[in-house]
Amino acid sequence: DLGPGEEGVADVVLAEPAAFAAGDRFIARAASPPETLGGGVILSTDFGRIKRRSPEVSARLEKARAAAERGDAFLASLIAGRSAVLPGEEVFRLTQSTGEAANRIVSESESRGDIADLGSGWWLVKARLSEVVEALRKALAGHHETSPLSHGMAADAVAAAAAVSEKCFAGLARAVTAADPEIVLSHGKLALASFAPKMTPEQARLRDRIVELLRVGD
């Protein structure tokens, strides 16, 4: 709960549908007794549930608030929104413009380094790259544990873990490996740099037996 004069982030659920957009100002009032409870600026209309005790989420929302306060509703909605990687149609929708105006906003945001084109119509919010890296590190650790003979995660598995299209795998792989040296591209797959495929003793025995039989056949 916030006291008088304090600020914070709120996840507001409305009883009835209403039209809002990032950057809109609002005032919250109580009906009975009639009084003003507070006000603020909308950061995103598609955030999802807030992890209130997460320092990472708090820091991200503070960046979004700063962007909204300086009038950059587009960046605020990108940083505060549900996903770190977005399809092009969603990116352009968040500009709150159409045609050349939308193209200009996206182009300027890319030039400033706010977003990066991953290819195949997908975009990365660069301020949130660490979220993608962390998600893929966890996914890779699990993959290496369950598939010790595999060189890493293929495009379809990476796409599922990052909630993107596998068509943008190459662009996403470049961004992730550049941001974290612990993640590498090996044999066309993503893997942890510390990982190496390994066999169980039984698998090694069978491999040696196969090699022996092939030599005998020669």
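The values are calculated or read from the model by the stated rules, or taken from the named source; none is laboratory data. Just so it is clear, the structure is predicted and the values come from calculations on it, not from any experiment. Every residue, glycine among them, receives a Cβ derived from its backbone with ideal geometry; neighbour counts consider all protein chains shown. These area figures cover heavy atoms from the full protein model, side chains too; ligands, DNA and RNA do not enter into them. Shrake-Rupley method; radii C 1.70, N 1.55, O 1.52, S 1.80 Å.
Worth pointing out:
- Selection from L94, G119, L78, by position along the positive dipole direction of the chain (Cβ): G119
- When the solvent-accessible area of the chain is split by element, carbon and sulfur atoms take up 53 percent of it, the probe being 1.4 Å.
- Per residue, the chain exposes an accessible area of 63 Å² to a 1.4 Å probe, with every protein chain left in place.
- Under 20 Å from the K167 label point (7 Å along Cα→beta-carbon), backbone N, segment 112-126: 116-125
- Near the amide H of D72, within less than 5 Å, lie no amide hydrogens of residues on another chain or at least 5 residues away, with H placed in the peptide plane.
- Charged-residue dipole, Cβ positions (Lys, Arg, Asp, Glu), the chain about Cα centre, Debye nearest 20: 480 debye
- For the peptides 67-76, 84-93, residues were scored by their other Cβ atoms within 10 Å and the scores averaged per peptide; the highest-first order is 67-76, 84-93.
- If you sort H151, H144, H187 by accessible surface, 1.4 Å probe, largest first, the order is H187, H151, H144.
- Sorting the segments 23-30, 166-173, 122-129, 189-196 by their mean number of nearby beta carbons within 10 angstrom, highest to lowest, gives 122-129, 166-173, 189-196, 23-30.
- With helices as the sole contributors, the chain gives -14000 deg cm²/dmol at 222 nm; each DSSP H run of n ≥ 4 counts as -39500 (n - 2.57), and the sum is divided by every residue.
- Calculated Rg/Rh (Cα atoms, Kirkwood Rh) (choose from (i) 1.15; (ii) 1.00; (iii) 0.93), label: (i)
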